[in-house]
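All remarks here apply to the structure that follows.
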Amino acid sequence: MANPDKKRARASGAAQGPGQGRPLPKIALGDPYLLPYAERLSERMRRTRDAELRLTGGRTALKDFASGHEYFGLHFSGGRWVFREWAPNAAAVLLTGDFNGWRETPDFALNRVSDAGVWERTWPAGALRHGQLYKLRMRWSGGGGDRLPAWGRRMVQDAHTRIFCAQVWNPPEPHAWRIPRFRRDFQSPLIYEAHVGMAQEEGRVGTFAEFRERVIPRIADAGYNTIQLMAVQEHPYYGSFGYHVTNFFALSSRFGTPEEFKALVDAAHAAGLAVIMDIVHSHAAKNEVEGISRFDGTLHQFFHQGPRGNHELWDSRCFNYGKSEVLHFLLSNCRFWLDEYNLDGFRFDGITSMLYFHHGLGSAFTSYDQYFDGVDEDAVSYLTLANKVIHSVRPGAITVAEDVSGMPGLAAPLEKGGAGFDYRLAMGVPDYWIKLIKHERDEDWHVGALWHELTNRRHDEKTVSYAESHDQALVGDQTLIFRLIGSDMYTRMSVRNPSLAVERGLALHKMIRLVTLGTAGHGYLNFMGNEFGHPEWIDFPREGNNWSYHYARRQWSLRDDPLLSYRFLADFDREMLVLSRLFRLLDHQDLRHLSEHCDDATLAFERAGLLFLFNFHPSKSFADYPAAASPGEYQLILDTDAKCFGGQGRLAPNQRYVSMLLDSPPGPGIRVYLPARTAIVLYKPGRPG
């Protein structure tokens, strides 16, 4: 998030009243620098209310309106098949498939049943069978072509021709939910970001079944409570990481079947893990045969017409969020994944691109003005309505906004004038870590600037902090551990043959994660494998790497090998999360900065009854480091330098410290031995966490 102090200093415009006696939005009352924009915020709320009224006519609940997936597409109900599609520009729509020899036959021609462009046809039970393949043959004035159903729930790709087809999905033994309604027993999410396809060690695409059997137990054992799955929606190009979606209601078939995905979700819930998915509503793939671009012969059915309908940088299409039919499609898509797959929420991808006509390109977002100029207000309304639908259908759902602009109110409640997301990603934190490691010598790290960046967030909105995600590990970049250790990762990770580079990397990797978690707002995130320092980067099979899977996998064996140092990082990460859960660290918003010393690179803070002490200096150790602390006795409960975590073991485990009166800082405190490149956490027994 951009620096709010800079934004406030540069904010312009005289304070405006609410106009017409309307009350001020509560988010403006909580931030005086938003007051000049109170009328604009009120207008946003009004636009959203008007959009909801337009959609529902005031006759039904928004969550019921968002049930188009139960109407459109192919369904078997009451002993008959029914298929419906929205294609207003089409002159004719037919189903062709292996049930009619892929020919155009009258008995599979759809009928136009409304002026709005709804097409429909019913067939007896024997007309279609589970597993059969089909497409739509679309005709329009001056042309036509094959299409996949926009509301289709199952697509499959031929292994030889690479052509996608829709598939009839009506299994004789559908999945029976073991846990039909999961209720999470935690308040603050500890998110494990994962990609099913690259979750196996072999050079191939992993499956839902393998993830369920092999990876979910690892995630639960590691101490996370939420899985965030990438690449769930169908996408033809594997290397897009799932962000060029063609079929919004279809599960990516390369990982397995709908029943296998449901079994995965069930297993996660049985292990106490919530499951959220990346949902891509910020854009759509340009594909026309597989996707919804030019679906009915027009480029503007789902998207903006002209240049505004194209995202040039992403080579994709931009939705028209002001169109009722598009809102019906996207809102129903939100509900579909909750209804059909029992998911617990979403991370909304690419929100910055949705919010601004410029897609966030070339803007530093240093002024509040930029949150109100060049904004696609229809997109803001859509996101607000989406959150209302999601939380109406699933009151305990988790929604996370991926926004680099820092737009105020995204994670504020609807009733306060916000967009209703539960959390926003603290995207400036990982960028800062890269900048620090890449451009600053260890002895030049400025702990004051570090504290500012780690805690620089809107305190009226909940945030999820992280040291690195998949974004920081993509090809062309490096993971934090690789930046720290470099080429020694290839030759010196043995516990019997470490190097100074490895020792430095292990020490800082643990400290970076601990200080990021300790100062996090309300949630914490880690990408799959980074908890144990997975080496190198992520690169999916493509022509440029000779279609190799070498970097599109996770080498779990590195973590499991007792002779390699990766296990130290994994064990520390697990103990760090145990501490977080035990003391409900992120549930407490009592983070208190105690001291910092830039020359010595030391930092101290308190949270949830715990005292955190950090010494980032590469060579200075302190025999009697003074730390402010209330009277009493303190116990060491976490030490990054412990031998069990690959450290030097310079501190005795479980040692205790008794507070005394200090000269500097004046008042009660303790003195501790704080070795170089070490962080410790102390607890005062008997104090409630």
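The values are calculated or read from the model by the stated rules, or taken from the named source; none is laboratory data. The structure presented is a predicted model; accordingly, all values stated were derived computationally and were not measured. No Cβ is skipped: glycine too gets one built from the backbone with ideal geometry, and neighbour counts run over all protein chains shown. The protein model used for the area step is the full one, side chains on, heavy atoms only, and it has no ligands, DNA or RNA in it. Shrake-Rupley method; radii C 1.70, N 1.55, O 1.52, S 1.80 Å.
Summary of values
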read-out: q = 0.12 Å⁻¹: log10 I(q)/I(0) that the Debye formula gives for the range 83-180, counting C-alpha atoms only; value: -0.44
read-out: Dipole of the range 373-495 [Lys/Arg +1, Asp/Glu -1 at C-beta], most positive-end residue of L474, P408, V495; value: V495
read-out: Dipole-positive endmost among W445, G521, L661 within the chain (Cβ charges, Cα centre); value: G521
read-out: Burial ranking of peptide ranges 208-216, 182-190 (average Cβ count within 10 Å, highest at the top); value: 208-216, 182-190
read-out: Net +/- balance of residues flanking G417 in space, Cβ distance below 9 Å, scoring K and R +1, D and E -1; value: +2
read-out: With eigenvalues of the C-alpha gyration tensor scaled by 5 and rooted, the range 526-627, Å; value: 36, 18, 15
read-out: At least 15 Å along the helix axis (C-alpha) and Kyte average at least 0.5, DSSP helices within the chain; value: 500-518
read-out: Cα-Cα pairs of the range 26-108 separated by more than 21 Å (percent); value: 61 percent
read-out: Relative contact order %, the range 592-689, counting alpha carbon pairs below 8 Å whose residues are six or more apart; value: 36 percent
read-out: 13 Å beta-carbon shell around Q655, net charge (K/R +1, D/E -1); value: 0
read-out: The range 390-458, dipole about Cα centre (Lys/Arg Cβ +1, Asp/Glu Cβ -1), debye to the nearest 20; value: 300 debye
read-out: Fraction of antiparallel bridges per DSSP, the chain only, in percent to nearest 5; value: 75 percent
read-out: Ordering of 618-625, 134-141 by packing [mean C-beta count within 10 Å, highest first]; value: 134-141, 618-625
read-out: Rounded to the nearest 10 Å², the accessible area of L24 at probe 1.4 Å; value: 50 Å²
read-out: Candidates per GluC sites (Glu not before Pro) in the range 226-323, loop by DSSP, up to 10 other Cβ within 10 Å; value: E312
read-out: The range 116-238 shape via C-alpha gyration tensor axes, a/c threshold 1.5; value: prolate
read-out: Over 24 Å between alpha carbons, listed pairs K438/K510; K262/K286; K435/K684; value: K262/K286; K435/K684
read-out: Average Cα contact separation per residue, the chain, under 8 Å, 6 or more apart, as relative contact order %; value: 11 percent
read-out: Solvent-accessible area per residue, Å², over the range 549-653 with all protein chains present [probe radius 1.4 Å]; value: 40 Å²
read-out: Under 11 Å, Cβ to Cβ, from G291 - net charge with Lys/Arg +1 and Asp/Glu -1; value: +1
read-out: Unit charges on C-beta of K, R, D, E only; dipole of the range 494-577, Debye; value: 60 debye
read-out: Inter-centroid distance (Cα atoms) of the range 151-180 relative to the range 464-526, Å; value: 39 Å
read-out: Contact order normalised by residue count of the range 68-227, Cα under 8 Å, 6+ apart, percent; value: 18 percent
read-out: Over the range 445-516: Rg over Rh, Cα atoms, Kirkwood Rh; value: 1.06
read-out: Probe 1.4 Å, accessible area per residue of the range 70-139, Å²; value: 46 Å²
read-out: Protection proxy ranking, peptides 522-530, 320-328, 554-562, 99-107, average beta carbon neighbours within 10 Å, highest first; value: 522-530, 320-328, 554-562, 99-107
read-out: The range 619-648-the range 279-356 distance, computed between alpha-carbon centres (Å); value: 51 Å
read-out: Apportionment of accessible area to carbon and sulfur, the chain, percent (1.4 Å); value: 50 percent
read-out: For the range 658-689 versus the range 380-416, the gap between their alpha-carbon centres in whole angstrom; value: 40 Å
read-out: Per-selection metrics, the chain (Cα): Rg and Dmax in Å; value: 27.0, 92
read-out: Extreme residue, positive dipole direction of the chain, given options A628, L558, N247 (C-beta unit charges); value: N247
read-out: Solvent-accessible area per residue for the range 311-352 (1.4 angstrom probe, square angstrom); value: 23 Å²
read-out: Cβ-placed point charges (K, R +1; D, E -1), dipole of the range 538-689 about Cα centre in debye, nearest 20; value: 340 debye
